[in-house]
1. Kindly provide the set of residues from the range 327-350 that are crowded, with 22+ Cβ neighbours inside 10 Å and free of Cβ contacts under 8 Å to residues at least 40 places away in the same chain, ordered by number.
2. Identify, from the list 45, 10, 71, 29, the residue that is among the small types (Gly, Ala, Ser), out of contact with any Lys or Arg (no Cβ under 9 Å at 6 or more places or on another chain) and either surrounded by 20 or more Cβ atoms within 10 Å (Cβ to Cβ) or touching a residue at least 12 places away in the same chain (Cβ under 8 Å) (or both).
3. Please give the number of the condition residue 128 fails out of (1) among the hydrophobic types (A, V, I, L, M, F, W, C); (2) outside the structural domain of residue 71 (by TED's automatic domain parsing); (3) surrounded by fewer than 20 Cβ atoms within 10 Å (Cβ to Cβ).
4. So how many residues does the range 139-160 have that are without any contact (Cβ under 8 Å) to a residue 60 or more places away in the chain, surrounded by 17 or more Cβ atoms within 10 Å (Cβ to Cβ) and part of a loop (DSSP other than H, G, I, E, B)?
5. For the condition among the small types (Gly, Ala, Ser) and either closer than 24 Å to residue 307 by Cβ or not assigned by TED's automatic domain parsing to the domain that holds residue 357 (or both), what is the one hit in 459, 402?
6. Does at least one position in the range 25-36 carry a residue that is in the same structural domain as residue 245 (by TED's automatic domain parsing), within 27 Å of residue 246 (Cα to Cα) and in contact with a Leu (Cβ under 8 Å, 6 or more places away or on another chain)?
7. Any idea which of 435, 492, 466 is touching a residue at least 60 places away in the same chain (Cβ under 8 Å) and of a type outside the set (D, E, K, R)?
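The values are calculated or read from the model by the stated rules, or taken from the named source; none is laboratory data. In this text, all values refer to a predicted model and were calculated from it rather than measured experimentally. With ideal geometry, Cβ positions are generated from the backbone for all residues, glycine too; neighbour counts draw on all protein chains shown.
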Amino acid sequence: MDGGSWWRDGVLYQIYPRSFADSNGDGIGDLPGITSKLDYLQWLGIDGLWLSPTMPSPNLDWGYDVLDFCGVHPELGTMDDLDRLVREAADRNIRVLLDLVPNHTSDLHEWFIDSKRSRSSDHRDWYIWRDPKPDGSPPNNWLSVFTGPAWTFDEGTGQYHLHNFLPQQPDLDWWNDDVRDAFDAVLRFWYERGVAGFRIDVAHGIVKDRELRDNLPATPEDHPRVKLIGQQQNYNLNRPEVHDVLKRWRAVSDEYSPQRVLVGETLVLDLERWAAFYGSGTDELNLAFNFPFIFAPLDAREMSEVVATTEQLLPVEAWPVWTGTNHDTRRFPTRWCNDDPARVRCAMMILLTLRGTPFLYNGDEIGMPDTHMSPEQVLDPVKIRTEDGLGRDPGRTPMHWSPEPGAGFTGPDTEPWLPFGDYGACNVAGQRNDPDSMLNFTRDLIALRRRLSELPRGSYKPLNCPEGVWAWRRGDDVTVAVNLSDLNQDIPDMDGNIAIGTDRARDGETVTGSLVLAEWEGVIITNRPSTG
């Protein structure tokens, strides 16, 4: 692949560092552990890694409360360890992206400590401080994403500070040019060290309404996530002025190379508003996560409608990105597929064959499900936001490398920072030498993307299908069909050779005239033989 299109053509992989591989036996994954698994990631066919937060943090929100934007958390390793990871990944043609958290800092960050000293301190206006209302209540009605008011009162200076998340995560004021300059320097610091780009946390929400207007209450017509919070967050998040910041970062990024990539956590539920984060297609984010797709059920009609609308709205030069899991959403094998292996394979086939860049989350490739946990084991500060009270932790537990004690993640007698799942039933070692395993199915799909140019680059054209079936053409010579129903389905006007099926016994089968798919079965058909 040419350097300028690696992130378009390739497959990217999110790593939750604390849960990927523990090199020193303390029960916490670390950067040397990731480096030790680079040969595996190369074997799998991964082109880029997104590392969830690696920067110093008191870990009230597990790395998303940053103490130093130009450092490495001691539990995860050193700057030398990160430099080595970037260098050794590059030796395997794998790029490394870091998680950037520009919306807020830890309240222990030196900027906020200075800001809190007095109303006249140098960093006071780096954060959003406001006077109480005459009755002493917060400046407006904004609510935190993590429950409760979005304002905390400081007795020392007599003002409230804004926090869209935990009170210990004060929001920065992005109307302040000093803040913008500081983050330009952060981007440049990491680019100079060879980092390929950033996944930008809360990319849609860093700029706040300048007038601090009250949010409107949620309505019965709003998305369930909006109703969960209780108000439409159009003033404390989702401001149009954020696009100026993203354009500025794109200019910084492009100064270095078109190989650099900015990926946005754009948690907006309206696709028209979401598409705006690509700007003209060349001047804002390179990739913006599509949350209407992530939150859709594994349903042919609903998913295909999201994809069709996405294709319609994106600027010509913009590029989609598809994922089913991240550290906030629980694992797709459980959330989409109810831990049913046939459904998991269909979902993986969808992710790796749509027009766009696929992101896998560590463990997706083996069909790793959510981990069963008790409420007492949960460390997530926002567990109250989920119906089962377990927060996001069931999807953040350690990777299953082997069936041995410690799961190949840590030592056999070490207690991991979060509990293991059933690593005896689902692990890399147990699947690697099984040609019919989920792991080899994923690897073979990735390899097929490399062999067939239509899969990374071809156009997307949906096809007419029976209800419950989703099929599309990629370019001129590749057709993908997945039966997302509990019925056998007969799909007309299908011809070619099955390159890969979710049922591997069908690999190489010739299709003439029509295609019969069993329930929860998918195939990729080519108009020419697919040779390895």
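1. Passing the criteria: 332, 333, 336, 337.
2. On the way: 45 fails: out of contact with any Lys or Arg (no Cβ under 9 Å at 6 or more places or on another chain); 10 fails: out of contact with any Lys or Arg (no Cβ under 9 Å at 6 or more places or on another chain); 29 fails: out of contact with any Lys or Arg (no Cβ under 9 Å at 6 or more places or on another chain).
Going through 45, 10, 71, 29 in turn, just one is among the small types (Gly, Ala, Ser), out of contact with any Lys or Arg (no Cβ under 9 Å at 6 or more places or on another chain) and either surrounded by 20 or more Cβ atoms within 10 Å (Cβ to Cβ) or touching a residue at least 12 places away in the same chain (Cβ under 8 Å) (or both): 71.
3. Of the numbered conditions (1) among the hydrophobic types (A, V, I, L, M, F, W, C); (2) outside the structural domain of residue 71 (by TED's automatic domain parsing); (3) surrounded by fewer than 20 Cβ atoms within 10 Å (Cβ to Cβ), the odd one out for residue 128 is (3).
4. Selection size over the range 139-160: 2.
5. 459
6. The first filter runs over the range 25-36 and keeps only residues in the same structural domain as residue 245 (by TED's automatic domain parsing), leaving 25-36.
Next, from what is left, pick out any that are within 27 Å of residue 246 (Cα to Cα): none.
Within the range 25-36 (the criterion being in the same structural domain as residue 245 (by TED's automatic domain parsing), within 27 Å of residue 246 (Cα to Cα) and in contact with a Leu (Cβ under 8 Å, 6 or more places away or on another chain)), the answer is no, since none of the residues qualifies.
7. 435
Each row is one residue, and each column tells you yes or no for (1) closer than 27 Å to residue 397 by Cβ; (2) hydrophobic (A, V, I, L, M, F, W, C); (3) touching a helix residue (DSSP H, G or I) at 6+ places or on another chain (Cβ under 9 Å).
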{"residue": "56", "(1), (2), (3)": "yes, no, no"}
{"residue": "80", "(1), (2), (3)": "no, no, no"}
{"residue": "84", "(1), (2), (3)": "yes, no, yes"}
{"residue": "112", "(1), (2), (3)": "no, yes, yes"}
{"residue": "164", "(1), (2), (3)": "yes, no, no"}
